[in-house]
Structures are given as structure tokens and as C-alpha cells.
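I'd like to ask some things about the structure below.
The values are calculated or read from the model by the stated rules, or taken from the named source; none is laboratory data. None of these values were measured; they are calculated from a predicted model. A quick note on method: Cβ atoms are made from the backbone with ideal geometry, for glycine too, and the neighbour counts reach across all protein chains shown.
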Number of protein chains: 2
Amino acid sequence: MPPRRRPASRAEGPARDTRSRILAAARDLAVEKGFDEFTVEKVAEQAGVSRMTVYYQFGSKQELLEALFDQLAERGGMDRLAEEMKREDPLDSLAGLVAVFCGFWASDRVALRRLRSWGGLRPAAAAADADAIERDAWRRRALETVARRIAQRYGKPARRDVKNAVDLLQVLTSFESYDVLARGGRDESDIAELLSQAALTILGVTEARGH
Amino acid sequence: MPPRRRPASRAEGPARDTRSRILAAARDLAVEKGFDEFTVEKVAEQAGVSRMTVYYQFGSKQELLEALFDQLAERGGMDRLAEEMKREDPLDSLAGLVAVFCGFWASDRVALRRLRSWGGLRPAAAAADADAIERDAWRRRALETVARRIAQRYGKPARRDVKNAVDLLQVLTSFESYDVLARGGRDESDIAELLSQAALTILGVTEARGH
DNA sequence: TATTGTTTATACAGACTGTATAGTTCCCAG
DNA sequence: CTGGGAACTATACAGTCTGTATAAACAATA
């Protein structure tokens, strides 16, 4: 039998404050320090809580990191994404998507990089692949939908090129791409602009449009 | 005084066999297992050597990983790269570069991913950025040179767009891009083809050419 | 008041890194 | 052949970190 499990209700009750304080502390620590210094002890200390509480709330260091990742992923707005998808002109949707993605990546760039790195280390190859694919699936689905709409309305890209285009869009809008560009000194809006333009180029829709 | 340092000659002498056996074992272990199981103990065991020997040769786990990274980075041919740069038509150089990069990434994809992840975790933010930039500098320089030559000969991209184009090429030819595409089920030549085409599109040089 | 959920203190087992120290084996120069 | 040094090994140990166990303090609430 598993010795003891997490408290039953993790989304409510007085424990919620503690959980969020711990998560905030974990985030800060992940940002400022390397993962060498990311110990349960220090997270607890920074959260003003005992080490045992962290284990009580999250069960293990790994689960704490997963919760942290979930929190970061959640905050980046699925809602804004749905909104952009509703635009009449799919080219507007595309620009909107790129902006949303960039905003998400920018919101916690350092923490995200650490967590993605951490994810790349943990499991065996197959599981890591599955994780990574799942993690980016929502982004791909949105891009696919928009690309299809654009193909339908503008006749480009050709039907058989849509998959290629979507693959490239997925690459361009990935966190890693954002990170590379940000390292080069560009800021968020700059990157969004560059990527939007590149996306149009790749789709073959290059004519300037009015709005 | 530092207690004891690495043996003076690390590129010669009878110790070379041991070093390379350890590095090979480290590589294998990094590929098959996660980094949880990547302990000095297990590396030593897999290399058929005692744990102390690993410390004698490399000094620390971190230095072992750095040596492993250097070895992987070295094997991917700087020489083939220089060769591609010599081609008469810079468009051929570009395709050649993309192929070289893809070949490099493909050669040890899983190990590279682990090591890159590991690099993303270690140091504080600033140092990590510096590392990452340095690590990819050679790739960027090559892309920059080729882009300039293409601009000069083909008039595209426009001078003020070269930096944008190079940034995008850097993104497309990064390991992370390759990894994303490979996860999607594409093989090396497939990816090289896709990326070459995309590079041409981004540079604005799209007409079909004879070879 | 009794119960239940939450937090804490303390203690401990197990694993890993890194250091210290001394011993072994092997090759090579004198 | 011999002495010395380089490479390797065995053992032991300190320090840190994770995770578990256990019991106790505390709070809210039924």
C-alpha cells in the first residue's frame, strides 16, 4: 500500500494558500537559481513553511515540479486563444495566435526554460517524446485549423503542402524558437512581428492587406 | 590548494583508452536512461572501471558531462561545413549547411537533447545565456555569411532584411527545431529537404534552379 | 467537545557526490 | 634489473539531498 497520499482536496480548503505560496516560492527559486539549489528544503524556507509541508502537499519533488509546470501552462490563456480563432479573416487569427504564443512564452521565459529542460532529462526516451508531443498538441491543433482556413480562402498553401507548412509553423511558434530569438536581444513584440511575417511567407500569403 | 587535479596529459598516453571508454559509457547511459540513473557509479560500471577512475580522469561529474558534450560537438564535422561554404553558388552552400546541421543533430539526437537540457538547468540565467549563445555561434556565423552572399548575388533578401532572415534561419536550423520535426515522425533527409525549402522561401529566393 | 484536516519537529534510511589515503599494477628510463 | 612515476583501485568518510515514519501541536468545524 502506498504509505500516505496527498490531501484529498487540493483545489480548495485552507491548504490552498499554502500550496500557492509553495508554488510561488518554487517558481522564484527556479528562476533565480539553477536547479542545483532547487531543493525541497530551500523551497520550503522561501515559502515560510516546513519541509514536511511541501511533502504533505505535493508528495514528492517531481510532483511539485509538475504542479509548477501545470500552473505556468494554465496561466497562459487558452481563452485568448479561443478568441483569436473566432476572427473572420484567418490571417488575423494567425497573427493573433502568434501574439498569444509569444505572450505566453514571454510571461515566464526563464522558468519555462528550466522546466522544459527538466522535462527533457527525466524519463526514458519514449515517455519524454510522448510528454513533449502532448504538451504541444494544443498549439499544433490551433495552427492546423488556421492553416486549413487560410488554404481554403486564399488557395495557398496547396493542399498537399499544408502539413509541411503546419510543421514549420509549429517550429517557429515553439518556445525554443522564441527563446533563441529572445536571447538575440529581441523583445516580445519584435519577435511576434518577425514570426507573423515569417508565417505568412511560409504559407505563401505575402500580399499586404488592409485591416 | 586544490587537492589533486586531473592528469597532466589528457589527450595522450595510455589513459586515452580509459577516457574514451568512460565517455562512451556515459553517452550510452545518457541515451538509454534518464539523468536520474546517470550516476558516476553506473558510468564507471558500464565502462568496466572503478568509480575512482572516473574522478581521477575527469575530476567531477560536471566535467565529465562537459567532456561528453565537447566530444559530441566535435564529431559533427566542422570540416564538412567549411567544404560546403566553398561552393560557387551560395544557394548550394545553404542547402549544404542545412544538410550538415541535420546530420549533426541526427547523429546523436537523444544524447544531444539530454545534454542540452542539462545545460539549461545548471547555471544562473546570465551564464546560461552566454553558454547557449557561444555554443551556437559557429552556426550563426556560417548562416550569416551565406545569407550575405545570397543577398549580393540574387538581390534578395533586401539589405535591411538580412538580419531578420538570419535570425529565422538560425531558429530553423537549431537542434530544437530538428527535434520537434523528428518527433513528428520525419526522418533526417525529409527534415533537411523541408528546412532547405523553407530557408529559400524565407530568403525570398524561390525560383527553381538547375543544379 | 470530538473529529478531521493541516502543519510541524524529529529521526532515520538510502543514495549520491566528492575527498582522502593508501595500496596495486604496469611501463619505462637509468 | 631496478627505481620511480603514472594509472588504476579499494576503502572509508563527510556532507547533502530525497523520501518515509511517527508523533505531536494546532485550527476549524460539526
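For A:Gly76, work out the one condition from (1) at pLDDT 80 or above; (2) surrounded by 17 or more Cβ atoms within 10 Å (Cβ to Cβ); (3) more than 14 Å from chain B (Cβ to nearest Cβ) it doesn't fulfil.
With (1) at pLDDT 80 or above; (2) surrounded by 17 or more Cβ atoms within 10 Å (Cβ to Cβ); (3) more than 14 Å from chain B (Cβ to nearest Cβ) applied to A:Gly76, the lone miss is (1).
Filter region B:21-39 for residues that are within 16 Å of DNA strand C (Cβ to nearest atom) and of a type in the set (Gly, Ala, Ser); which is nearest to the other protein chains (Cβ to nearest Cβ)?
Filtering first and then ranking leaves B:Gly34.
Moving to a separate point now. Of the residues B:Ser117, B:Ser93, B:Ser107, which single one is hydroxyl-bearing (Ser, Thr, Tyr) and either within 16 Å of DNA strand D (Cβ to nearest atom) or surrounded by fewer than 18 Cβ atoms within 10 Å (Cβ to Cβ) (or both)? Lay out the reasoning, then the answer.
Working: B:Ser117 fails: either within 16 Å of DNA strand D (Cβ to nearest atom) or surrounded by fewer than 18 Cβ atoms within 10 Å (Cβ to Cβ) (or both); B:Ser93 fails: either within 16 Å of DNA strand D (Cβ to nearest atom) or surrounded by fewer than 18 Cβ atoms within 10 Å (Cβ to Cβ) (or both).
Sole residue among the options that is hydroxyl-bearing (Ser, Thr, Tyr) and either within 16 Å of DNA strand D (Cβ to nearest atom) or surrounded by fewer than 18 Cβ atoms within 10 Å (Cβ to Cβ) (or both): B:Ser107.
Can I ask one more? Give all pairs with beta carbons closer than 6 Å in which a residue from region A:140-162 that is touching a residue at least 24 places away in the same chain (Cβ under 8 Å) meets a residue that is part of a helix (DSSP H, G or I) and among the hydroxyl-bearing types (Ser, Thr, Tyr); count only pairs at least 6 apart in sequence or on separate chains.
Going by the 6 Å Cβ cut-off, the qualifying pairs are A:Val146/A:Ser93.
Can you tell me which residue within region B:22-39, out of those that are surrounded by fewer than 17 Cβ atoms within 10 Å (Cβ to Cβ) and modelled with pLDDT of 90 or more, is farthest from DNA strand D (Cβ to nearest atom)?
Ranking the qualifying residues of region B:22-39, first place goes to B:Asp28.
Quick one: A:Lys86 ticks every box in (1) away from chain B (no Cβ under 14 Å); (2) over 30 Å from A:Val146 (Cβ atoms); (3) more than 16 Å from DNA strand C (Cβ to nearest atom) bar one, so which box is it?
(2)
Go through region A:161-211 residue by residue and tally those that are part of a loop (DSSP other than H, G, I, E, B) and of a type in the set (S, T, N, Q). I'd like the intermediate steps shown before the answer.
Of region A:161-211, the ones part of a loop (DSSP other than H, G, I, E, B) are A:173-174, A:184-187, A:204-211.
Pick out the ones that are also of a type in the set (S, T, N, Q) and you get A:173-174, A:206.
Adding up the residues that qualify gives 3.
Can you tell me which residue within region B:40-55, out of those that are surrounded by fewer than 16 Cβ atoms within 10 Å (Cβ to Cβ) and within 11 Å of DNA strand C (Cβ to nearest atom), is nearest to the other protein chains (Cβ to nearest Cβ)?
If we take residues in region B:40-55 being surrounded by fewer than 16 Cβ atoms within 10 Å (Cβ to Cβ) and within 11 Å of DNA strand C (Cβ to nearest atom), then B:Lys42 is nearest to the other protein chains (Cβ to nearest Cβ).
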